[in-house]
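To start, the structure itself, in structure tokens.
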Amino acid sequence: MADRIYLDHAATTPMLPQALAAVEAGMRHWANPSSPHAEGRAARAALEKARSDVAAAYGWAHELIFTSGASESLQMALGRSMAPRRLISAVEHDSVLRHAEGAQVLPVDRDGILDLDALGTALAAGPRALVGVQWANSETGVRQPVAEIADIVHAAGAILLVDAAQMPARADDAVLRHADLVAVSAHKRGGPPGIGALLVRDFGVLLPMGGQEKGYRAGTENLPGALGYAAAVQLPEDLARMTALRVRLEAAIVAAGGDPVAAHRPRSPLIGAYRMPGVSAAAQLIRFDLAGIAVSAGSACSSGSMRPSHVLTAMGWEEPALREVVRVSFGRGTTEAEVDAFTTLWRRIAIEARNRAA
């Protein structure tokens, strides 16, 4: 697999060597961190250092609950918030849509940005609410205006939950300044799978359940995972370089007749979505995969079904265009040569499609 090109980092990233070494070291801390003896206390000390290291890497000065990943963090926030109502945008991740039963779903504009007027109206129409929004959409990369949303949410006395699974550490000060709850994930940042966190500004907004993690999560703590997560997020991600890669990729795609999604909106430097007119995403994925290039047709939690994207549908896309979009996402090791290899094949497939249609 070494000669393949991996452009699906929004689904998961390769584990960094430093994270792998930290996980291996954590396996040697075999004692339960909740045990009172010396072995348990040593494990507890390692866990708490990992907790402070992860929080510091994100610039978070408040509470941190380790979880099994962003999906559990979101489920915890949605299920145990003290607010009686839930408001979410129509483009949230599947894990939010699944765990926010009974939530009011708010519309977005053609570029996937939350309708702020609809948010204000919904907040005024009932009791205190938890509002859930993404830092950046996992399919399109479109970033929500967190600071503006937070002003509206907090003016109404509501709670702001930000799904930051796709956010590199310290990528957006607005999240650190304004969010009440933030869901983050290790395996999106070069850490191990099975570990994430819920960043909590004030435990007063969450209903405790007893057990570990200061009474907010039951089960023996995943010490190796926490150590691997802490190691991964210490290593910076060069977002300027990744932005340049995305600009390079999009220029080539536009020149080949492709259509970037929400090209003029703020987006994650790591994620872009692109329509190839006349060629289904399923056909594109097969061609790219056979050529040794891994991309996806959207969120890894839903792309396996190849059903129409609820994100593009909410943005007003219609058949067949919404089935002609693939996602390309970068990581620390992505190179210009890999981007050029992808766009060369993109251009070839697009030309073939136009020739067949002529």
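So, in nm, how far is label Arg128 from label Ser280 when the simple model puts each one 7 Å beyond its Cα toward the Cβ?
My value for the distance between the label points is 4.9 nm.
Run the simple label-point estimate for Ser35 and Arg307 please: 7 Å along Cα→C-beta, distance reported in nm.
Result: 4.5 nm between the two label points.
Just name one of Leu7, Val133, Gly112: the one whose Cα is farthest towards the positive end of the charge dipole of the chain (beta-carbon charges, Lys/Arg +1, Asp/Glu -1).
Leu7
Alpha carbon centre of the range 179-199 versus the range 93-124: separation in Å?
22 Å
Ordering Arg356, Arg327, Arg98 by accessible area with a probe of 1.4 Å, largest first, what comes out?
Values: Arg356 165, Arg327 5, Arg98 135 Å².
My answer, sorted largest first, is Arg356, Arg98, Arg327.
I need the shape label for the range 142-186. Rule: rounded when a/c is under 1.5, else prolate if a/b > b/c, else oblate, with a, b, c from the alpha carbon gyration tensor. Don't skip to the end; give the middle numbers.
Numbers: a/c = 2.22, a/b = 1.76, b/c = 1.26.
Prolate is the answer for the range 142-186, as a/c is 1.5 or above and a/b outweighs b/c.
Label point 7 Å out from Gln18 along Cα-to-Cβ: which residues of the range 175-192 have amide N under 15 Å?
189-192
With a ≥ b ≥ c the root eigenvalues of the C-alpha gyration tensor of the range 112-221, is it rounded (a/c under 1.5), prolate (a/b larger than b/c) or oblate? Don't jump to the answer; show the numbers that get you there.
Working: a/c = 2.34, a/b = 1.25, b/c = 1.87.
Oblate, since a/c reaches 1.5 and b/c is not below a/b.
In debye, nearest 20, what is the charge dipole magnitude of the chain about its Cα centre with +1 on Lys and Arg Cβ and -1 on Asp and Glu Cβ, if you could check? Mind showing how you got there, number by number?
On the way: 35 positive and 37 negative charges, 64 e Å.
Taking the Cα centre of the chain as origin, the dipole is about 300 debye.
Taking the solvent-accessible surface of protein heavy atoms with a 1.4 Å probe, what is the per residue accessible area of the chain in Å²?
41 Å²
How much mean residue ellipticity at 222 nm does the chain get from its helices, if each DSSP H run of length 4 or more adds -39500 (n - 2.57) and you divide by all residues, to the nearest 500 deg cm²/dmol?
Numbers: 12 runs with 139 residues, N = 358.
Taken over the chain, the calculation gives -12000 deg cm²/dmol.
Given +1 on the Cβ of Lys and Arg, -1 on the Cβ of Asp and Glu, and no further charges, what dipole in debye does the range 1-131 carry about its Cα centre, rounded to the nearest 20? Each step should come with its number before you reach the end.
Numbers: 12 positive and 15 negative charges, 111 e Å.
In debye, rounded to 20, the range 1-131 gives about 540.
So, taking all protein chains as they sit and a 1.4 Å probe, how much accessible area belongs to Glu336, in Å² rounded to tens?
100 Å²
Taking a 1.4 Å probe, which of Arg4, Arg128 shows the most accessible area, and what order do the others take after it? Mind showing how you got there, number by number?
Values: Arg4 65, Arg128 110 Å².
Of Arg4, Arg128, the descending order of accessible area is Arg128, Arg4.
Beta carbons within 10 angstrom, averaged per residue: use that to sort the peptides 283-289, 19-25, highest first.
On the way: 283-289: 16.4, 19-25: 19.0.
Highest mean packing first, the order is 19-25, 283-289.
In vacuo Debye scattering of the chain, one point per C-alpha: log10 I(q)/I(0) at q = 0.13 Å⁻¹?
-1.01
About its Cα centre, what dipole magnitude does the range 303-358 give when the only charges are +1 on Lys and Arg Cβ and -1 on Asp and Glu Cβ, stated in debye to the nearest 20? Don't jump to the answer; show the numbers that get you there.
Numbers: 8 positive and 7 negative charges, 21 e Å.
Using Cβ point charges on Lys, Arg, Asp and Glu, the range 303-358 gives about 100 debye.
Calculate what fraction, in whole %, of the accessible area of the chain sits on carbon and sulfur atoms when a 1.4 Å probe is rolled over the protein chains.
Details: 8240 of 14650 Å².
Roughly 56 percent of what the probe reaches on the chain is carbon or sulfur.
In nm, to one decimal, how far is the modelled label at Arg265 from the one at Ala337, with both set 7 Å along Cα→Cβ?
Roughly 3.6 nm, to one decimal.
The values are calculated or read from the model by the stated rules, or taken from the named source; none is laboratory data. These numbers come from a predicted model, not from an experiment. Heads up, the Cβs are rebuilt from the backbone with ideal geometry, glycines too, and the neighbour counts pull from every protein chain shown. Note: accessible area is taken over every heavy atom of the protein model, side chains too, but ligands, DNA and RNA are not part of it. Shrake-Rupley method; radii C 1.70, N 1.55, O 1.52, S 1.80 Å.
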